[in-house]
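A quick write-up on the structure given underneath.
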Amino acid sequence: MAWNLNSDRPIYAQILDVIQLRIISGRYRPGEKIPSVRDLAAEAGVNPNTMQKALAELERNGLVVTQRTSGRMVTEDMDMIQTTRNKLAREQVSEFIDKMKELGFSKKEVVELFERMGGEDA
Amino acid sequence: MNALVEVINLTKIYEKKKIALDHMNLTIPRGKIIGLLGPNGSGKTTLIKLMNGLLEATEGEVLMNGHRPGPQTKNWISYLPERTYFHNNMRVDELIRFFCDFYQDFRPERARQMLSNLNISENAKLKTLSKGTKEKVQLIMVMSREAQLYVLDEPIAGVDPAARDYILRTIITNYNENATVLLSTHLISDIEKVLDEVIFIRNGRVILQDTVENIRECRGKSVDAYFREVFAC
């Protein structure tokens, strides 16, 4: 969850991913105040305007809400946090499945492998 | 408000007919951090020196708030030259007093804070400092003014990566929202995350002025990668 902004994608999109993850994982708790744009920009080593853009986008999709007096906070809408969590999980799984297909694995083989390795962990 | 800096048809021809700037046109907005990028000899330093009134244009002009370079514009611009110009026998605290005398907008407390964050002693004589530390001191002085425009010629080239991060954070947190920072560098990958816009120059002309995010969005690559493609040798 550190600011690992090394891909070639737009920087605001990478920032957005990090903050989203921090909300889902509970590092920023529901209803908690989010640090200021300047502080976050300094922490991430990015341009404040870029940080602003990422936060505005999070506000637009509802994960972050603005209180007139107290700045930006994480939403208290647990359904929304859960929905985002599920969406990200599906993205991860479909990415994983795509990679396994490239390796020539069938869905059945993937499931078998997954269960075998899950068994090793337990 | 109108643009902060306007470069109009600016041309500089040195002796022996070397054309450094070739009818350059450029507008620099307020409140942005802008990278001036180009290969060696593309005209970056010539442009910066013309903005600071250190060279005379052969043709065209550069205007800041509508004014040609002069005593007034020097009050607005805080300039970091590519070489250090301080007297080696000075101590750091003498340098702070020197800047206080020279610039009304210099904030000594800000400079002292940054010096202490980077563990640089105010009692040290400049000649006892390493090259990189001298560069840090100079940048601290320049960034401790309340200028409208900071012009930094290769500000991070000589310092280690940890100090580089500190310096970039300082630029992000210190500059006021209406001020613009224009910096030239070759170290694009280190710096592109703090930039709003980049200007690519080649052979004394502007070949691109765009936002970092737009380049990444449209080209699908970082500014560093795009620079390598545009200026491939």
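The values are calculated or read from the model by the stated rules, or taken from the named source; none is laboratory data. Not measured: the values here are computed from a predicted model. We place every Cβ from the backbone using ideal geometry, glycine too, and count neighbours over all the protein chains shown. Heavy atoms of the whole protein, side chains included, go into the accessibility calculation; ligands, DNA and RNA do not. Shrake-Rupley method; radii C 1.70, N 1.55, O 1.52, S 1.80 Å.
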Lysines whose Cα lies under 30 Å from that of B:Lys221, excluding same-chain neighbours fewer than 8 positions away: A:Lys53, A:Lys87, A:Lys99, A:Lys101, B:Lys32, B:Lys44, B:Lys193
Residues with amide H under 5 Å from that of B:Leu21, placed H, sequence gap 5 or more: B:Lys12
Cα-derived Rg to Rh of chain B, Kirkwood definition: 0.96
Amide H contacts of B:Val181 (H built 1.01 Å from N, under 5 Å, at least 5 apart or other chain): B:Lys32, B:Ile33, B:Ile34, B:Tyr150
Long-range tail of P(r) for chain A (Cα pairs > 18 Å, %): 60
Members of segment A:19-56 that become less accessible by 10 Å² or more once partner protein chains are added (1.4 angstrom probe, chain alone as reference): A:Arg38, A:Ala42, A:Gly45, A:Val46, A:Asn47, A:Pro48, A:Asn49, A:Thr50, A:Lys53
Under Karplus coefficients 6.51, -1.76 and 1.60, residue-wise ³J(HN,Hα) of segment B:39-56 in Hz, glycine/proline x: x, 4, x, 7, x, 4, 5, 4, 4, 4, 5, 5, 4, 9, x, 8, 9, 9
Hydrodynamic radius of segment A:11-76 per Kirkwood, over alpha carbon pairs, in Å: 11.6
Bins of 5 Å from zero: percent of alpha-carbon pairs in segment B:1-51: 5, 17, 27, 26, 14, 7, 3, 1, 0
Rh (Kirkwood; distinct C-alpha pairs) - segment A:79-121, Å: 11.7
Accessible area (Å², per residue) of segment B:105-233, counting only protein heavy atoms and a probe of 1.4 Å: 42
Delta accessible area of at least 50 Å² on complex formation, residues of segment B:200-233, 1.4 Å probe, chain isolated as reference: B:Glu213, B:Arg216
Most fluctuating residue given options A:Ile24, A:Ile81, A:Ile11, as computed from a GNM of chain A linking Cα atoms under 10 Å: A:Ile11
Most positive-pole-ward Cα, B:Thr45, B:Asn123, B:Met24, against dipole of segment B:5-230 from beta carbon charges: B:Asn123
Rg/Rg_globular for segment B:142-199, with Rg_globular taken as 2.2 N^0.38 Å and Rg from C-alpha atoms: 1.06
Average projection area in nm² (convex hull over Cα atoms of the protein assembly as shown, one quarter of hull surface): 24.3
Built amide H within the under 5 Å cut-off of B:Thr84, gap 5+: none
Tilt relative to chain A, helix A:11-24 - C-alpha long axis, 0 to 90 degrees, to 10: 80
³J(HN,Hα) computed for each position of segment B:84-94 - Karplus, 6.51 cos²θ - 1.76 cosθ + 1.60, integer Hz, glycine/proline x: 7, 10, 6, 6, 4, 7, 6, 8, 4, 5, 5
Dipole magnitude of the protein assembly as shown about its Cα centre (Cβ charges: Lys, Arg +1; Asp, Glu -1), debye to nearest 20: 780
In order through segment B:101-111: 3J(HN,Hα) via Karplus (6.51 cos²θ - 1.76 cosθ + 1.60), integer Hz, x for Gly, Pro: 5, 7, 10, 4, 8, 6, 10, x, 5, 5, 4
Choice from A:Ser106, A:Ser36, A:Ser70 showing the highest fluctuation, given a GNM over chain A with Cα pairs closer than 10 Å: A:Ser106
Apportionment of accessible area to carbon and sulfur, segment B:173-227, percent (1.4 Å): 37
Extreme residue, positive dipole direction of the protein assembly as shown, given options A:Gly104, B:Val212, B:Gly70 (C-beta unit charges): B:Gly70
Between B and A, accessible area buried - total, square angstrom, nearest 100, 1.4 angstrom probe: 1500
Per residue accessible area of chain A, 1.4 Å probe, in Å²: 64
Cα lying deepest toward the dipole's positive end in the protein assembly as shown, options A:Thr69, A:Ser7, B:Thr170, charges on Cβ: B:Thr170
Rotationally averaged projected area of segment B:52-110 (alpha carbon convex hull; nm²): 5.4
Dipole magnitude of segment B:66-146 about its Cα centre (Cβ charges: Lys, Arg +1; Asp, Glu -1), debye to nearest 20: 220
Sulfur and carbon atoms: percent of accessible area, chain A [1.4 Å]: 52
Computed [θ] at 222 nm, deg cm²/dmol, the protein assembly as shown (DSSP H ≥ 4; -39,500 (n - 2.57); rounded to nearest 500): -13500 deg cm²/dmol
Estimated dipole of segment B:76-207 in Debye, rounded to 20 [Cβ of Lys and Arg +1, of Asp and Glu -1, Cα centre]: 400
Segments B:92-102, A:86-96 sorted - mean Cβ within 10 Å per residue, highest first: B:92-102, A:86-96
